[in-house]
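Asker: First the structure, then my questions, so here it is.
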Amino acid sequence: MRKPIIAGNWKMNKTAAEAKELICALAPKVKNATCDVVVCVPFTDIALAAELTKGTNIEVGAQNIAWADSGAFTGEISAAMLKEAGATYVIIGHSERRQYFGETDKTVNARLTQALKNGLKPIVCVGEMLAEREGGKTETVCRTQVVGAFEGISAEDAAKVVIAYEPVWAIGTGKTATDEQANETIGYIRSVVKELYGERIAEGMRIQYGGSMNAKNVEGLMAQTQIDGGLIGGASLKSEDFAYIVNAAK
Ligand code: 13P
């Protein structure tokens with residue numbers, strides 16, 4: 001049995017003061033959750049979020065990680081910095097980073113390697129663009145991204161990774177993949193993991209769905225056999241909505 005994981009990706013939202021308000025409202029609402037609960041906050045909110053979630057069942061994640069230990073990498077944040085600030089998870093390869101900040105399968109792989117080396121729990125994002133889905137390329141794109149991300153990663157390390165399948169056309173658009181579409185593609189991604197690492201790792205790996213997941217569609221998505229949770233953008237910015245999703249993920 002895979003334990004579901006619901007993670008909020010706040011993206012570039014919430015100042016420290018706003019983060020405090022959201023976390024304080026959220027914590028009591030999710031305290032009886034049976035899934036893992038994570039909030040991936042902006043870098044500037046990590047230390048505060050870690051402090052505020054002490055003694056709760058909420059873990060804190062970052063939204064990116066540098067691939068180097070330290071040095072002349074202006075604007076980057078290292079694994080050691082994230083850990084000391086209190087992050088335990090990190091999102092890697094989100095489609096917004098691929099689209100707007102030049103992230104490639106190669107840099108995703110380098111960041112993933114660095115996260116694993118430093119004991120951070122990675123959430124690796126993969127997913128196709130609308131034209132790729134319409135062109136029948138969904139599986140090829142997901143395969144290339146998964147194979148690229150896991151290049152040179154041992155089976156022991158691979159077992160610590162969460163994958164988030166996020167079809168780019170469903171992000172922030174209100175267009176969710178249907179339950180069946182999401183389940184089918186996640187099942188395909190699991191088959192790629194099986195090719196790379198075998199049945200045991202593939203069956204144990206948690207693969208989330210992300211893309212306009214909300215309080216209205218969470219039950220349908222979570223009822224699918226392949227879907228082990230969600231990576232939630234917009235709906236993670238309101239405590240009621242996010243708590244509803246967390247409590248529906250059993
Ligand atoms: P939305 O839930 O806002 O569509 O965002 C999904 C996402 O990109 C999470 O990483």
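The values are calculated or read from the model by the stated rules, or taken from the named source; none is laboratory data. For clarity, every value in this text was computed on a predicted model and none was experimentally measured. Every residue, glycine among them, receives a Cβ derived from its backbone with ideal geometry; neighbour counts consider all protein chains shown. Accessible surface areas use protein heavy atoms only, side chains included; no ligands, DNA or RNA. Shrake-Rupley method; radii C 1.70, N 1.55, O 1.52, S 1.80 Å.
Asker: Considering every residue within segment 2-11, establish whether at least one is in a loop (DSSP other than H, G, I, E, B), crowded, with 18+ Cβ neighbours inside 10 Å and in contact with a Leu (Cβ under 7 Å, 6 or more places away or on another chain).
Answerer: Within segment 2-11, one or more residues are in a loop (DSSP other than H, G, I, E, B), crowded, with 18+ Cβ neighbours inside 10 Å and in contact with a Leu (Cβ under 7 Å, 6 or more places away or on another chain).
Asker: Kindly evaluate residue 30 against the criterion of being at pLDDT 95 or above and within 16 Å of the ligand (Cβ to nearest atom).
Answerer: no
Asker: Given (1) open to solvent by less than 60 Å² (accessible area, probe 1.4 Å); (2) more than 16 Å from the ligand (Cβ to nearest atom); (3) not aliphatic (A, V, I, L, M), where does residue 70 come up short, assuming only one miss?
Answerer: Result: residue 70 passes all but (1).
Asker: Need pairs with beta-carbon distance below 7 Å; first residue among the hydroxyl-bearing types (Ser, Thr, Tyr) and within segment 166-179, second not in a helix (DSSP H, G or I); sequence gap 6+ or separate chains.
Answerer: 173/212; 176/211; 176/212; 176/213; 176/217
Asker: Can you find a residue in segment 107-118 that is farther than 23 Å from residue 6 by Cα and not polar (S, T, N, Q)?
Answerer: Yes, segment 107-118 contains at least one residue that is farther than 23 Å from residue 6 by Cα and not polar (S, T, N, Q).
Asker: Shifting gears a bit: Only one of (1) surrounded by fewer than 22 Cβ atoms within 10 Å (Cβ to Cβ); (2) farther than 28 Å from residue 187 by Cβ; (3) not acidic (Asp, Glu) is not met by residue 129, so which one is it?
Answerer: All conditions are met except number (2).
Asker: Can you tell me which residue among 24, 35 is in contact with a Pro (Cβ under 7 Å, 6 or more places away or on another chain) and either modelled with pLDDT of 95 or more or crowded, with 23+ Cβ neighbours inside 10 Å (or both)?
Answerer: Testing whether each residue is in contact with a Pro (Cβ under 7 Å, 6 or more places away or on another chain) and either modelled with pLDDT of 95 or more or crowded, with 23+ Cβ neighbours inside 10 Å (or both) leaves just 35.
Asker: With respect to residue 236, is the statement that it is open to solvent by less than 10 Å² (accessible area, probe 1.4 Å) and under 17 Å from residue 170 (Cα atoms) true?
Answerer: Taking the combined requirement at face value, the residue satisfies it.
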